[in-house]
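Working notes for the structure below.
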Amino acid sequence: MTVIVGLVHRKRVHLAGDSAGSSGSQLTIRRDPKVFTNGPYALGFTTSFRMGQLLHHAFEAPHPEGDLGRFMATTFIDAVRTCLKEGGWARKDSEQERAGVFLVGVHGRLFEIYDDYQVGEPDGGYTAVGSGDELALGALHATAHLDLKPRERLTAALRAADHHCAYVSAPYTYVKTPR
């Protein structure tokens, strides 16, 4: 369905995403962005536009405090779970809650949130999620030591995924965490 790419540069998180909405072999270019800001956060989603709409418009993002890794795994995830449940999107499978996959940038750190609400933080300062993630990761790795601006690296990653993955398409949207 998509590719969302993120990287950390000079204590800011930069995210970018494509505009494809797909179902089987059908592809629609969507106007509603897959990357956006909400309070101090930059977020980018895969999985479901409904989940993304809830994170963008209904999610009351808690203010980060204390140990950021611990905060993300507890307070932040609890708020996401509540938002998705109240919005009618959270799912249960064998008594385990499931959601979707998305990226979160806050206070110069980049986090991956998986469908089981696991919180990951990539060690290399960049990541990608979605159908074109492996293609985008290759481009992010290949450009890591080049003197490119964040948007140039993100665009290279999006274009690589767009060129080789049927579920990724321009135009691209970019956001970064507030200063």
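Read the figures in this text as sums done on the coordinates, not as results from a lab. Computed from a predicted model, the values in this text were never measured in an experiment. Because the Cβ atoms are built from the backbone with ideal geometry, glycine has one as well, and the counts that use them run over all protein chains shown.
Could you quote the convex hull projected area for region 21-119, Cα atoms only and averaged over all directions, in nm²?
6.8
Would you please put 99-105, 81-87, 5-11 in order of how densely packed they are, using the mean number of other Cβ atoms within 10 angstrom per residue and starting with the highest?
Packing order, densest peptide first, comes out as 99-105, 5-11, 81-87.
Output the pairs from Lys85/Lys176; Lys34/Lys92; Lys85/Lys149; Lys92/Lys149 with a Cα-Cα distance over 31 Å in this structure; if there are none, say none.
Lys85/Lys149; Lys92/Lys149
First check a/c for region 46-90, with a ≥ b ≥ c the square roots of the eigenvalues of its C-alpha gyration tensor; if it is under 1.5, answer rounded, and if not, answer prolate when a/b is larger than b/c or oblate otherwise.
prolate
Mind putting a number on the dipole of region 3-176 about its Cα centre? Charges go on the C-beta only, +1 for Lys and Arg and -1 for Asp and Glu, and I need it in Debye to the nearest 20.
Around 580 debye, computed over region 3-176.
Let me check against my output: what whole-number percent is the relative contact order of region 3-176, with C-alpha pairs under 8 Å and at least 6 apart?
Result for region 3-176 is 34 percent.
Mind checking which of Ala160, Ala142, Ala61 has the largest fluctuation in a GNM of the chain, springs on alpha carbons under 10 Å?
Of Ala160, Ala142, Ala61, the most mobile in the Gaussian network model is Ala142.
If I model region 3-176 as equal point scatterers sitting on the Cα atoms and use the Debye formula, what is log10 I(q)/I(0) at q = 0.10, 0.14, 0.17, 0.20 Å⁻¹?
Treating every Cα as an identical point scatterer, log10 I(q)/I(0) equals -0.35, -0.70, -1.03, -1.38.
Return the sequence-ordered ³J(HN,Hα) values of region 24-31 in whole Hz as given by the Karplus equation 6.51 cos²θ - 1.76 cosθ + 1.60 applied to θ = phi - 60°, using x for Gly and Pro.
x, 9, 8, 10, 10, 8, 9, 7
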